[in-house]
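The values are calculated or read from the model by the stated rules, or taken from the named source; none is laboratory data. Because the structure is predicted, anything quoted here is derived from the model rather than measured. Methodologically, a virtual Cβ is constructed for each residue, glycine included, from the backbone with ideal geometry; neighbour enumeration extends over all protein chains shown.
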Amino acid sequence: MTSRTIRLSVNGTTHTVTVEPRRTLADVLREDLSLTGTHVGCEHGVCGACTVLWDGAPVRSCLLFAIQLDGAALTTVEGLADGEQLHPIQEAFWATHGLQCGFCTPGILLTAKALLDENPSPDEAEIREAIGGNLCRCTGYHFIVEAIATAARKRTSS
Amino acid sequence: MKPAPFAYHDPRTVDETLALLATHGDDAKVLAGGQSLVPMLALRLARPSVVIDVNRVAGLDGVRQNGTALSVGALVRQRALERWAAERVPLLTAALRHVGHAAIRTRGTVAGSIVHADPASELPALLMCLDGAVVARSRRGARTLAAAEFFQGPMTTALAADELVTETRWTLPPAHAGWGFHEMARRHGDFALVGVAAVIALQRGAVAEARVAVFGAAATPVRARDAERALVGRAATEAAIAEAAGLAVAGVETVADIHAPASYRASVARTLTARALTDAVARAKDAA
């Protein structure tokens, strides 16, 4: 099927890639751009591991075809840290043990960023609702909720 | 899994889209938000040879309110309507918060969820509750299909293969009406086992208008007309609400699946109808 060449801005860098129509954004990020921080779990929109930000809003990169994103600006987990300096949300996950195996973590970090950008002081119920679409099989979620609450407190107090 | 190969078109106008649908019809799928279609492609439950991506079609992203008439363009995202309705139609926002998760609603469209017609999803039921309709266009012309005739079965609608939904139309409750929305799901964001949307308007203590829609219980969302008739003209007492909740379930052929037997769904539907009506009455009293 006819491939097309598209331009994608990922974490501020513009990439030009040629894609077959059925190729998902998740696969293009991982395989064509070697940005393997975006994880692929279920590949049908259920697990949330592949969540990235498109114009700051969370989307499932396995439910988008890259061909649809010509001209789009994305943020992936690789775009959170500033060099060696972790993003405050990453810092909070590190401090509160908000991850174990780390598979779900990229999707949860970006989901948390979108939440805190919109609602800087979410309560526990709002945090739990926000990450309801991100499956984690290790932590039981308690430390993840704590990490996001900690990041929110640090952000609003600084 | 990965989707099977398909030919991709991304038309810029409705006319171009209708021409593509006239040519490819049965072999084509319309891609809007893709939050239902892409999983079906990935699992190869759907395998169209042509995908018509309407995301760049101009003029389908407007929300327009004129009194109680609301028109929602086919490309309006669920998240956009959730925000638009927060102060204006809180019932819609309450229901939309149960549609998948924020990441799904960022991209998923209001019309797409309605056309997908999952009997356990919120928006088809809201369209039924708010006396809504779907505007469908093809090269043969345009037609407006009332929600009750649009939904024909699980994932089955009256839409023809060459038709494109361009907008959905809703009849909003009067400003003094109260609303209730309750849903039971295993986890937030899951498809509902059962859910209920209700609207009540009161006049001098009696029910002047009642609208009740139940979803997840049967093959399509259902409007509980018997329950509505039983309420109108009476005082909205606990006993009247209990009677209406019984009637809401009486006419419904509840379905059984791996998640719950039919009898359980009927029981939950009765309970949630009573709760939604109780909330709607309380809000209507507050508004009076």
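Taking strands (runs of 3 or more DSSP E) as the structural unit, those lying wholly within region B:35-110 and holding at least 2 residues that are within 14 Å of chain A (Cβ to nearest Cβ) correspond to B:50-53. Residues that are within 9 Å of the chain's Cα centre (by Cα) and among the polar types (S, T, N, Q) were ranked within region B:102-147; the one that is surrounded by the fewest Cβ atoms within 10 Å (Cβ to Cβ) is B:Ser121.
From the set of residues in region B:153-191 that are β-branched (Val, Ile, Thr) and touching a residue at least 60 places away in the same chain (Cβ under 8 Å), which is surrounded by the fewest Cβ atoms within 10 Å (Cβ to Cβ)? Give the derivation first.
Initially, region B:153-191 is screened for residues β-branched (Val, Ile, Thr), giving B:156-157, B:165-166, B:168, B:171.
Of the ones still in play, those that are also touching a residue at least 60 places away in the same chain (Cβ under 8 Å) are B:165-166, B:168, B:171.
On the way: B:Val165: 25, B:Thr166: 22, B:Thr168: 28, B:Thr171: 14.
The extreme case among them is B:Thr171.
Taken over region A:40-57, the residue count meeting the criterion of being under 9 Å from the mean Cα position of the chain (by Cα) and of a type outside the set (Ser, Thr, Tyr) is 5. Can you tell me which residues in region B:201-220 are buried (at least 24 other Cβ atoms within 10 Å of the Cβ) and more than 15 Å from the chain's Cα centre (by Cα)? Of everything in region B:201-220, those that are buried (at least 24 other Cβ atoms within 10 Å of the Cβ) and more than 15 Å from the chain's Cα centre (by Cα) turn out to be B:Val207, B:Ala210.
Residue by residue, here is whether (1) within 23 Å of the chain's Cα centre (by Cα); (2) assigned to a strand (DSSP E or B); (3) modelled with pLDDT under 95 holds:
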residue: B:His188; (1), (2), (3): yes, no, yes
residue: B:Val196; (1), (2), (3): yes, yes, no
residue: B:Val199; (1), (2), (3): yes, yes, no
residue: B:Arg229; (1), (2), (3): yes, no, no
residue: B:Ala266; (1), (2), (3): yes, no, no
residue: B:Thr278; (1), (2), (3): yes, no, no
residue: B:Asp286; (1), (2), (3): no, no, yes
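Can you tell me which residue is nearest to the chain's Cα centre (by Cα) among those in region B:1-17 that are surrounded by fewer than 17 Cβ atoms within 10 Å (Cβ to Cβ) and either within 14 Å of chain A (Cβ to nearest Cβ) or of a type in the set (Gly, Ala, Ser) (or both)? Don't jump to the end; show me each part of the working.
Of all residues in region B:1-17, those surrounded by fewer than 17 Cβ atoms within 10 Å (Cβ to Cβ) come to B:1-2, B:4-5, B:7, B:12-13, B:15-16.
Narrowing further to those that are either within 14 Å of chain A (Cβ to nearest Cβ) or of a type in the set (Gly, Ala, Ser) (or both): B:1-2, B:4-5, B:7, B:12.
Values: B:Met1: 29, B:Lys2: 29, B:Ala4: 29, B:Pro5: 31, B:Ala7: 30, B:Arg12: 27 Å.
For region B:1-17, the residue satisfying everything is B:Arg12.
Of the residues in region B:57-78, none is hydroxyl-bearing (Ser, Thr, Tyr) and free of Cβ contacts under 8 Å to residues at least 60 places away in the same chain. All of (1) crowded, with 20+ Cβ neighbours inside 10 Å; (2) more than 7 Å from chain B (Cβ to nearest Cβ); (3) among the hydrophobic types (A, V, I, L, M, F, W, C); (4) without any contact (Cβ under 8 Å) to a residue 60 or more places away in the chain hold for A:Val59 with one exception: (2).
Just one of the numbered conditions (1) over 23 Å from B:Val54 (Cα atoms); (2) crowded, with 23+ Cβ neighbours inside 10 Å; (3) more than 14 Å from chain A (Cβ to nearest Cβ); (4) in contact with a Leu (Cβ under 8 Å, 6 or more places away or on another chain) is not true of B:Phe150: (1). Quick one: would you say A:Thr105 is among the hydroxyl-bearing types (Ser, Thr, Tyr), more than 15 Å from the chain's Cα centre (by Cα) and over 19 Å from A:Ile6 (Cβ atoms)? Taking the combined requirement at face value, the residue does not satisfy it. Here are the criteria: (1) touching a His at 6+ places or on another chain (Cβ under 6 Å); (2) within 25 Å of B:Gly100 (Cβ to Cβ); (3) away from chain A (no Cβ under 14 Å). Tell me which single one B:Leu20 does not satisfy. The single condition B:Leu20 does not satisfy is (2). Quick one: would you say A:Glu78 is at pLDDT 95 or above, in contact with a Gly (Cβ under 9 Å, 6 or more places away or on another chain) and farther than 18 Å from A:Cys136 by Cβ? So A:Glu78 passes the test.
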